[in-house]
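K.L.:
First, the structure itself, so that you have it in front of you.
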Amino acid sequence: ARPAADIGHQALWIRAIDHVGVRRALLTVWQTDPAEPSPNHVRHVDEAVAAAALAFGQDDHRALLRHAALHDHVTGAGNRTKLMEDAVTILTTAALFIDLDEFKAVNDRFGHAIGDMVLRTVAERITDVVDGRGRLYRVGGDEFAVLLDDVPTAATGAHLAERCAIEIG
């Protein structure tokens, strides 16, 4: 790489591109004229910075929408769509399906806010047990699934699934 002056650049402007208070990038503009930039140049750079910040915002928004589309809003676990997506992309030889007995009675007796609290607690418990060994999904009102990752054999998968089921209780 040659020095900037060797190829006719005399000035450098650096502008931060921030989105929601986070520095996401720097825009660098080399100028052949060492004089102060004209108002027109400043406007163009400002527009480029604004467009880049908007693009970062759109990327963030798309990521949030994708996460919302693939995760349960109560527990944060993957949803049925995420389960189907992951089932074809991860090497899994074992799965657990968990149905909470008599859960409807909890909602009926104590209300949905308490029921949601119970679901979050159950999801946290399952996640603690399978952490590093699998992924949790909420596939129905009181139904969960776990895909166990990269289990080398069916026998090992069955043994791991049984151990996880016992630990989950």
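K.L.:
What are the residues whose amide H is under 5 Å from the amide H of I17, where those residues sit 5 or more places off or on another chain and H is modelled from the backbone?
P.N.:
Under 5 Å from the amide H of I17 lie the amide H atoms of R24, A25, L26, L27, each far enough along the sequence or on another chain.
K.L.:
Would you mind calculating the relative contact order of the chain from Cα pairs under 8 angstrom and at least 6 residues apart, reporting the percent as a whole number?
P.N.:
Numbers: 187 pairs, mean separation 32.7, N = 169.
RCO, the chain: 19 percent.
K.L.:
Next question. Taking 0.36 nm per residue of separation and subtracting the Cα-Cα distance, what length does fully extending T121 through A25 add? Display every interim value, and only then the final one.
P.N.:
Details: separation 96, 0.36 × 96 = 34.56 nm, distance 3.93 nm.
Residue separation times 0.36 nm, minus the Cα-Cα distance, leaves 30.6 nm.
K.L.:
Still on this structure, please answer the following. Convert each backbone phi in the range 14-24 into a coupling constant with the Karplus relation 6.51 cos²θ - 1.76 cosθ + 1.60 (shift: θ = phi - 60°), then list the ³J(HN,Hα) values in order as whole Hz, x for Gly and Pro.
P.N.:
Going residue by residue, I get 10, 10, 6, 10, 10, 9, 6, x, 10, 6, 9 Hz, with x marking Gly and Pro.
K.L.:
Based on the alpha-carbon gyration tensor of the range 54-128 and its eigenvalue square roots a ≥ b ≥ c, which shape applies: rounded if a/c is under 1.5, prolate if not and a/b is larger than b/c, or oblate?
P.N.:
Oblate shape, in that a/c is at least 1.5 and b/c is the bigger or equal ratio.
K.L.:
Helix-derived [θ] at 222 nm for the chain: sum -39500 (n - 2.57) over DSSP H runs of at least 4, divide by residue count, nearest 500?
P.N.:
Working: 5 runs with 82 residues, N = 169.
Roughly -16000 deg cm²/dmol at 222 nm, from the helical runs in the chain.
K.L.:
Using 1/(1 + (r/R0)^6) with R0 = 41 angstrom and r between the beta carbons of L12 and A63, what's the FRET efficiency to the nearest 0.05? Write out the running numbers ahead of the final one.
P.N.:
Details: r = 32 Å, r/R0 = 0.79.
FRET efficiency, L12 to A63: 0.80.
K.L.:
Ignoring ligands, DNA and RNA, what accessible area per residue does the chain give at 1.4 Å, in Å²? Numbers along the way, then the final one.
P.N.:
Numbers: 10970 Å² over 169 residues.
Value returned for the chain: 65 Å² of accessible area per residue.
K.L.:
Check which residues have an amide H placed less than 5 Å from H9's amide H, if you skip close sequence neighbours.
P.N.:
none
K.L.:
Now, a different point. What are the ³J(HN,Hα) couplings of the range 101-114, residue after residue, when phi is run through the Karplus curve with 6.51, -1.76, 1.60 and θ = phi - 60°? Round to Hz, x for glycine and proline.
P.N.:
Values, residue by residue: 5, 6, 5, 4, 5, 5, 4, 5, 7, 10, x, 5, 5, 5 Hz.
K.L.:
Using a 1.4 angstrom probe on heavy atoms only, work out the carbon and sulfur share of the accessible area of the range 53-132 in %. Each step should come with its number before you reach the end.
P.N.:
Details: 3180 of 5430 Å².
Taking all protein chains in place, the range 53-132 shows 59 percent carbon and sulfur surface.
K.L.:
Test of understanding: extend the Cα→C-beta vector of R163 to 7 Å, then name every residue of the range 95-123 with backbone N under 20 Å from that spot.
P.N.:
What the label zone holds, given the 20 Å backbone N cut-off, is 95-98.
K.L.:
If you don't mind, there's one more thing I want to ask. Which distance in nm do the two modelled labels at T156 and K104 give, with both placed 7 Å along the Cα-to-Cβ direction?
P.N.:
4.1 nm
K.L.:
Could you go through the range 62-67 in sequence order and give the Karplus-derived ³J(HN,Hα) for each residue, using 6.51 cos²θ - 1.76 cosθ + 1.60 with θ = phi - 60°, rounded to whole Hz, and x for Gly and Pro?
P.N.:
So the J values, rounded to whole Hz, are 4, 5, 5, 5, 4, 4.
K.L.:
In the neighborhood of G78, defined by Cβ-to-Cβ distances under 10 Å, what is the net charge if each Lys or Arg adds +1 and each Asp or Glu adds -1?
P.N.:
Numbers: positive: R80, K82, R135, R138; negative: D72, E85, D86.
Net charge around G78: +1.
K.L.:
Rounded to whole Å, give me the distance from the Cα center of the range 7-38 to that of the range 61-106.
P.N.:
45 Å
The values are calculated or read from the model by the stated rules, or taken from the named source; none is laboratory data. This is a predicted model, so every value here is computed, not measured. Note that we place each Cβ from the backbone using ideal geometry, even for glycine, and neighbour counts take in every protein chain shown. Heads up: the accessible areas ignore ligands, DNA and RNA and are worked out on the full protein's heavy atoms, side chains in. Shrake-Rupley method; radii C 1.70, N 1.55, O 1.52, S 1.80 Å.
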